[in-house]
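The values are calculated or read from the model by the stated rules, or taken from the named source; none is laboratory data. Because the structure is predicted, anything quoted here is derived from the model rather than measured. Cβ placement follows ideal geometry from the backbone for every residue including glycine, while neighbour counts extend to all protein chains displayed.
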Amino acid sequence: MKKLTTLFIFLFTLSIFSQSPWTQNKGILYTQLSFTTIPKYKALFGNPEVATERQITDNTLRIYAEYGISNKTTLFTALPIKTVKAENLVKSTPNPITTKGTLTSMGNILFGVKHNFYNKKWLITGQVGFETSTSRYHTNSGVRTGYDAWTITPMISAGKSSNSWYVQTYVGADFRTNEYSSAFKIGGEIGYKLTSWLTMAGFADGLASFTNGSVIIPKENKLTGLYVNNKSYAAFGIKPTFVVNPKFGINLGVGLAFGGRRIPQTPAISAGFHYKFL
């Protein structure tokens, strides 16, 4: 078990949204501070693709924490602080629909619980997460810091590891209030410990909207692509993590959708650090 401790720390650094099947031991607190940006995107995936009216930047500063209330049950929460910007026009137009604007506000706060109910050759964990309707919307620019809805996300995850590698996968669904569509989500990740201080991971994620919602999205919001209804995507990325010591490490990441609907065609770039109170 001791030889797996460092690898488990890697796993937690790479799962900001708590999609990992590994739980914290009783009394252990894991924390992470990360910054993610999607800078100045101009187009959204779709059929046909959609051009945004202005360059849109989506920045997120996220505080994430997990706490083990037993060796099999972990509480988790994430506090996102968003700064979203509608900047210069993509194309010159005499009568733009949106204005320039910057909005800094809380996003959708996440909290939940996960429980490991099978732990032999594979770990299998069930969890449920809740996101609060705590976002804000700027009417004239169309920028939004989160969904105008509460969300419940039940999920099952599975994983397996050795002292040098791990693999994990998850499947779940998002159910939102305020007549937003529900969505099916699935993903997986493989990581390998290259050295005592570096692990490299690759991931793939997918989201498929059920398109069963009837919420009316303002035209200004549609032109930004920020937290609109019926998003779908297939994405991939890499996540290097540098461990300074068993408690502290630095985590980086880049992800890009290669198809979807109402999703930016610009990569998301993340950087942060984690600290584990052993």
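Figures for the structure shown
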item: Output for region 176-188, where each listed residue is part of a strand (DSSP E or B), surrounded by 16 or more Cβ atoms within 10 Å (Cβ to Cβ) and over 14 Å from the mean Cα position of the chain (by Cα); result: ARG176, ALA183
item: Selection status of PHE258, surrounded by 15 or more Cβ atoms within 10 Å (Cβ to Cβ) and either modelled with pLDDT under 95 or assigned to a strand (DSSP E or B) (or both); result: no
item: Region 190-216, subset at pLDDT 95 or above and touching a helix residue (DSSP H, G or I) at 6+ places or on another chain (Cβ under 9 Å), residue nearest to LYS239 (Cα to Cα); result: ALA201
item: Unique match (being free of Cβ contacts under 8 Å to residues at least 12 places away in the same chain and of a type outside the set (A, V, I, L, M, F, W, C)) among LYS160, LYS120, LYS114; result: LYS120
item: Residue check for TYR170: buried (at least 20 other Cβ atoms within 10 Å of the Cβ), among the hydroxyl-bearing types (Ser, Thr, Tyr) and not in a strand (DSSP E or B); result: no
item: Residue in region 70-82 that is closer than 25 Å to ALA43 by Cα and surrounded by fewer than 20 Cβ atoms within 10 Å (Cβ to Cβ) present; result: yes
item: Residues of region 134-166 classified as surrounded by 16 or more Cβ atoms within 10 Å (Cβ to Cβ) and in a strand (DSSP E or B), total; result: 10
item: Meets criteria (among the basic types (Lys, Arg) and within 23 Å of TYR233 (Cβ to Cβ)) for ARG62; result: yes
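Residue-by-condition table, conditions (1) under 23 Å from ARG144 (Cβ atoms); (2) within 14 Å of the chain's Cα centre (by Cα):
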{"site": "ASP205", "(1), (2)": "yes, yes"}
{"site": "LYS219", "(1), (2)": "yes, no"}
{"site": "VAL228", "(1), (2)": "yes, no"}
{"site": "LYS247", "(1), (2)": "no, no"}
{"site": "ARG261", "(1), (2)": "yes, no"}
